[in-house]
Number of protein chains: 2
Amino acid sequence: MESDIATPVKGRPREFCVDKALAEALHVFWAKGYDGASMADLTEAMGITKPSLYAAFGNKEALFHKALDLYESEKLEYTRAALQQPTARRVAEYYLRGGVDVHASEGEPQGCMGLMSSLACSPEAESIKADVIRRRASSQRALVERFEKAKQDGDLPAHIDAEGLTSFLYAILQGITVQAGAGATRAELEKLVDTSLALWPSA
Amino acid sequence: MESDIATPVKGRPREFCVDKALAEALHVFWAKGYDGASMADLTEAMGITKPSLYAAFGNKEALFHKALDLYESEKLEYTRAALQQPTARRVAEYYLRGGVDVHASEGEPQGCMGLMSSLACSPEAESIKADVIRRRASSQRALVERFEKAKQDGDLPAHIDAEGLTSFLYAILQGITVQAGAGATRAELEKLVDTSLALWPSA
DNA sequence: CGCTTTCCATAACGAGCGGTATATAATGTA
DNA sequence: TACATTATATACCGCTCGTTATGGAAAGCG
């Protein structure tokens, strides 16, 4: 198979940047959710017409999955960086403060794109929901392993259940995004993080 | 103004029970969310036609608010009972175990009706969202006062911030409903509750 | 009985949805 | 210049949505 990079195309060149358009689509999906974002909303924000969107991205569902890829690789980068922190407590702190940064930052939509889309319930959004749940499960599995290692490292008490602690940390994170979506201020969310970390088990 | 109870009406009597129909509507809204529940879904489950629904309940939005009233008075009764528990820890335990009971019970929809409706994002659901947020804020205020009292009673350390602890408890509860909606088993949720209670501050 | 009132059933409304057919404009190739 | 190829622009499709107008059925009242 030949190289796909910088292949000169034959027909009329497209007049918009695909990456820019996808970033705009992400912003719309993030703010309004999968069902709430209409094709009219998307095309207006992306600055293109519907046929261009369909030619470039397939359909609304395919566009959403690509937007979700972008969301994970850019906005949820902190969840991967968190795993490399030296202690379980530092992992948790990185997770929670990163969650507040991303989901309660000014100029960005409030709340979590994955969370609101996983709760969307139009009949055609079932595959969306399944996708989000699958990604979340994969992310949670990595966290369980990280906490198992922390127990071996001795920075978590041996009696702690790694799966329970992972569910616990995710619950706090989900609470942060829910409360952010409900209009909680950044100060309130930081107080929530401080309280959670104060209760975190010591070695 | 005269009494409204048992007034004999003049016209043709309705052929369905309003309370029964409302309970069915609640079930549909709970399972599918405000946007996801169509009038066709509702009328089919309620066993009535659309004109009957409009005559009895007004419109879809009014029906939802009445269903939400029923949900709060029946399904969220445990949140009021929780406040009367003798210690802060018992309050928290009542809250969390009650949350698992209601939102992960077999035969009922998985997840929290208020949470999924507060994240619904159709343009006409803005007042729904505002209503849910207002009810939640009122409920949270009562919990803050309960924890302030607990500090005076001495069953919470004085250095604990009551608002932060309330946000924390609500975050766990929201995490429970999110994870229940994503298909978590009851055993997993109970492990989450056990972990959370193990970290709860001691006096 | 006729009259009024209220409810039920059918069918339709306008609006918005995701998706597309058609025609035209802009490029590379020959 | 002529052709093939691809992108854009406009208008439209079938469908579902929440909501309502219309006609008939069932009750109390005189």
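Which value, in square angstrom to the nearest 100, describes the accessible area buried between chains A and B on both sides, using a 1.4 angstrom probe?
By this definition, chains A and B bury close to 2700 Å².
Can you tell me the length gained on complete extension of the stretch A:Y78 to A:L199, counting 0.36 nm per residue apart and subtracting the Cα distance?
So the extension gain works out to 41.3 nm.
First obtain the Kirkwood hydrodynamic radius of the protein assembly as shown from its Cα pairs, then insert it into the Stokes-Einstein equation at 4 °C and 1.567 mPa s, and state the resulting D in µm² per second as a whole number. Display every interim value, and only then the final one.
On the way: Rh = 23.2 Å.
In µm²/s, the coefficient is 56.
Any idea what the dipole of the stretch A:1-150 comes to, in debye rounded to 20, about its Cα centre with Lys/Arg Cβ at +1 and Asp/Glu Cβ at -1?
Its charge dipole is roughly 360 debye.
List, shortest first and in nm to one decimal, how far the label point of A:A55 (7 Å from Cα along Cα→Cβ) is from its counterparts in the other copies.
In ascending order, 5.5 nm.
Pop out the carbon and sulfur fraction of the accessible area of the stretch B:18-71 as a percent, whole number, probe 1.4 Å. Provide the component values of the computation, followed by the final result.
Numbers: 1270 of 2340 Å².
It is 54 percent, rounded to a whole number.
For the protein assembly as shown, what is the charge dipole size about the Cα centre, in debye to the nearest 20, if Lys and Arg each add +1 at the Cβ and Asp and Glu each add -1 at the Cβ?
Details: 46 positive and 58 negative charges, 22 e Å.
Rounded to the nearest 20 debye, it is 100 debye.
Taking A:E126 in one copy and the same position in all the others, each labelled 7 Å out along Cα→Cβ, what are the pairwise distances from the first, in nm, shortest first?
Computed spacing set for this position: 3.3 nm.
Suppose you put the label 7 Å out from Cα in the Cβ direction; list, shortest first and in nm with one decimal, how far B:D194 is from each other copy's label.
Result, one decimal in nm: 3.3.
Counting only heavy atoms of the protein chains, get the accessible area per residue of chain B (1.4 Å probe) and round it to a whole Å² value.
49
Counting each DSSP H run of 4 or more residues in chain A as -39500 (n - 2.57), what helix-only mean residue ellipticity at 222 nm follows after dividing by all residues, to the nearest 500 deg cm²/dmol?
Result for chain A, helices only: -21500 deg cm²/dmol.
Specify which residue in the list A:P123, B:A55, B:H159 is farthest towards the positive end of the charge dipole of the protein assembly as shown, using unit charges on the beta carbon of Lys, Arg (+1) and Asp, Glu (-1), about the Cα centre.
The residue sitting farthest along the positive end of the dipole is B:A55.
List, largest first, the extents of the alpha carbons of chain A along their principal axes, each in whole Å.
64, 45, 31
State the percent of C-alpha pairs, over all pairs in the stretch A:14-74, separated by a distance greater than 20 angstrom.
11
Kirkwood hydrodynamic radius of the stretch B:134-203 from all distinct Cα pairs, in Å?
Details: mean 1/r = 0.0756 Å⁻¹.
For the stretch B:134-203, the Kirkwood estimate is 13.2 Å.
The values are calculated or read from the model by the stated rules, or taken from the named source; none is laboratory data. Keep in mind it's a predicted model, so treat the numbers as computed, not measured. Counting neighbours? That spans all protein chains shown, and the Cβs are built from the backbone with ideal geometry, glycine included. Ligands, DNA and RNA are excluded from the accessible area calculation, which covers all protein heavy atoms including side chains. Shrake-Rupley method; radii C 1.70, N 1.55, O 1.52, S 1.80 Å.
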